[in-house]
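This report concerns only the one structure given below.
The values are calculated or read from the model by the stated rules, or taken from the named source; none is laboratory data. These figures come from a predicted structure and were not determined experimentally. Here Cβ is always computed from backbone atoms with ideal geometry, including for glycine, and neighbour counts include all displayed protein chains. To get the accessible areas, we keep the full protein, side chains included, count just its heavy atoms, and leave off ligands, DNA and RNA. Shrake-Rupley method; radii C 1.70, N 1.55, O 1.52, S 1.80 Å.
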Amino acid sequence: MKTINRTLLLAVLTTFAFEFAGCGAADVQSAKLYRQRRDYVTADKMLQKAITEDPTNDEGWYLYAENLNDLKQYEKIATIIDTAMLYSTTHRQELQVLRHNTWIELYNGGLGAYNANPDSKEAQQSAIQYLESARKLEPDQPETYELLGQVYYASGDTAKGLQNYLAEINQVSASYDQGVTMGLMLHATTDAVERAVGGAPAKKQTISLGPTDSALVYTYPSKQTYVYFERIVKPPHTWELTGWRVTGSDAEGIQPLRVSTQSYEFVANDYYQKGLAAQHAGNKADANAKFEKAIPLLMTLQQIDPSNDFASQAIPDIYTRMDRTEKAKQEYERILADHPSKEMYISYGTLMMKSNDYQGAATQYQKALALAPNDESALYNLAATYKNWAAADQKDKKAEYKSELEQSTSYFEKLRAINKTDPNTLMNLVENYDILSQKDKVISLVSDLEALKTTDAAKTHEYWDLLARVYARANRSADAQASYKKSDELKQSGH
């Protein structure tokens, strides 16, 4: 289990705590004296006695909360802060600051407890205890729900994990959608943000995030929007967008906050995997219902972070599985127009291959090879596409089949140059050269296949299946039967 590499980008708020000299209850006055001596334990006893005798004691509740902070009893603060703010009306501002700072302590306490030993049930439960207190203290902080979701999921409680991720999405969706509407997206440059939002910000400032880190904050008052950038670790160390916040409070806005896509990815994947499971079980209606829930989350995820590979792969795959082939193609075209990748071209090519669009499939695989010339998956798929294309044209008695088969053979030969002992490649070449009437090539390749009998390849039933097919094609029926028998033996032994 990996630790969570995350820090709160929220500065701890500060306020001055004044010791008021008013004529309060005797226990409150005694507690003040003990606090001056830093005897917070005795002060705690005095203050508990004071608020027990007078539950509406303004100064007593305020000092009690402050004293708990000095005792670092943050979880206790979470249970009494609402009551303290109810009765200590003259100290609401100080108590509000204390509430927020206590939330940070509890959040970081949960983060630290979990990261200390992520696989430990004790560490997980300790983290959950901290974080549940943090959630109770400030229920509008989305970071708490995200971390709770991750820890609950790690502990095996997927239901509560999902529940907390959904709670985070409910909190952040409006702000995230507002940012996306303005054209904001993760990893954007400062210039890209200015073009998207409509000009330079009214204010730029650098905020310290610690001894070595800082954030650049763009302020757009007319849009009540604050955009946060952090420096890229690798040269040239330019600024890239890591978050935004839509708020009318400047005090809140200048506190950098990272936009996180973890909750969207987790919940979308949960629906996606349940859809796959339902589809595998033959329950098409349930599968489609789960896929429909995943799609809007995946779309938002991709809008926030266009470089997210999971969203890019899952969106067209879901449409394909729902038999919405044209919609899947539109999504591939849209995604690849902005973010071309080898994996996406291969995936798109496979979709076209399933639709018997051989030319379209070949085009996509060739684009994948343009990005990665020696990629074995792209080479194999392209070779197989031309082979299937040739078979279809040969069946329809089209003369083009021969040139298509030669194309297939050319790509299989490139694969063979990369991996000379791959049985699949050798078998396909045997079949191709046999159709092309190049018997000398066939004999040589059969010998290469037979030479693998002394290698690890021969320990799998797939190898013997391939060899049996080659023997059958060469009318070596006895050898084919012996190879099929060997394949069955390996299957029964689990190989």
field: Length-normalised contact order for the chain - Cα pairs under 8 Å, 6+ apart - percent
entry: 6
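Counting every Cα pair in the stretch 325-425, what percent are over 17 Å apart?
Tail fraction, whole percent: 52.
Under 1.5 on a/c is rounded, so check that first for the stretch 51-177, then, if it is not, pick prolate when a/b is larger than b/c and oblate when it is not; a ≥ b ≥ c are the square roots of the alpha carbon gyration tensor eigenvalues.
Verdict is prolate for the stretch 51-177.
Rolling a 1.4 Å sphere over the protein heavy atoms, what is the accessible area per residue of the chain, to the nearest Å²?
Per-residue accessible area for the chain comes out at 50 Å².
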- line: The lysines whose Cα lies under 22 Å from the Cα of K491, excluding any fewer than 8 residues away in the same chain, are K453, K459
statement: For G360, the net charge from surrounding residues (Cβ-Cβ under 12 Å; K, R +1; D, E -1) works out to +1
field: Spin-label pair R37/Q359, simplified geometry with 7 Å Cα→Cβ offset, distance in nm
entry: 9.4
message: Just to be sure I understand the model, the point goes 7 Å from the Cα along the line to the Cβ. What's the resulting K223 to Q394 distance in nm?
response: 6.0
The chain - mean residue ellipticity at 222 nm from DSSP helices (-39,500 (n - 2.57) per run, n ≥ 4, rounded to 500): -22000 deg cm²/dmol
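Rank-order 347-355, 441-449 by packing density, defined as the average count of other C-beta atoms within 10 Å over each peptide's residues, highest first.
347-355, 441-449
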task: Using only the Cα atoms of the stretch 266-358, each taken as one equal point scatterer with no solvent, compute I(q) by the Debye sum, divide by I(0), and report log10 of the ratio at q = 0.11, 0.15, 0.23, 0.24 Å⁻¹.
output: -0.29, -0.55, -1.19, -1.25
- prompt: Which of the peptides 312-320, 208-216 is most tightly packed, and how do the rest follow, going by the mean number of other Cβ atoms within 10 Å of each residue?
  reply: 312-320, 208-216
- line: For the D440, N475 Cβ pair and Förster radius 25 Å, calculated FRET efficiency rounded to 0.05 is 0.90
query: Going by the alpha-carbon gyration tensor, a ≥ b ≥ c the square roots of its eigenvalues, is the stretch 221-377 rounded (a/c under 1.5) or, if a/c is not under 1.5, prolate (a/b greater than b/c) versus oblate?
result: oblate
task: Under a cut-off of 16 Å between alpha-carbon atoms, report the lysines in cross-link reach of K290, not counting same-chain residues fewer than 8 places apart.
output: K274
task: Can you bin the stretch 441-495 into rounded, prolate or oblate? Criterion: square roots of the alpha carbon gyration tensor eigenvalues sorted a ≥ b ≥ c, rounded for a/c under 1.5, prolate for a/b above b/c, oblate for the rest.
output: oblate
- prompt: lysines within cross-link reach of K223: Cα-Cα under 24 Å, excluding same-chain residues under 8 positions apart?
  reply: K203, K204
Environment charge of S477, counting only residues whose C-beta is closer than 13 Å and scoring Lys/Arg +1, Asp/Glu -1: +3
message: With a 1.4 Å probe and all protein chains left in place, how much of the accessible area of the chain comes from carbon and sulfur atoms, in whole percent?
response: 50
- request: Could you let me know the centre-to-centre spacing of the stretch 389-444 and the stretch 36-113, using Cα atoms, in angstrom?
  value: 79
query: Considering only the other residues whose Cβ falls under 13 Å of the Cβ of A278, what net charge follows from Lys and Arg at +1 and Asp and Glu at -1?
result: +2
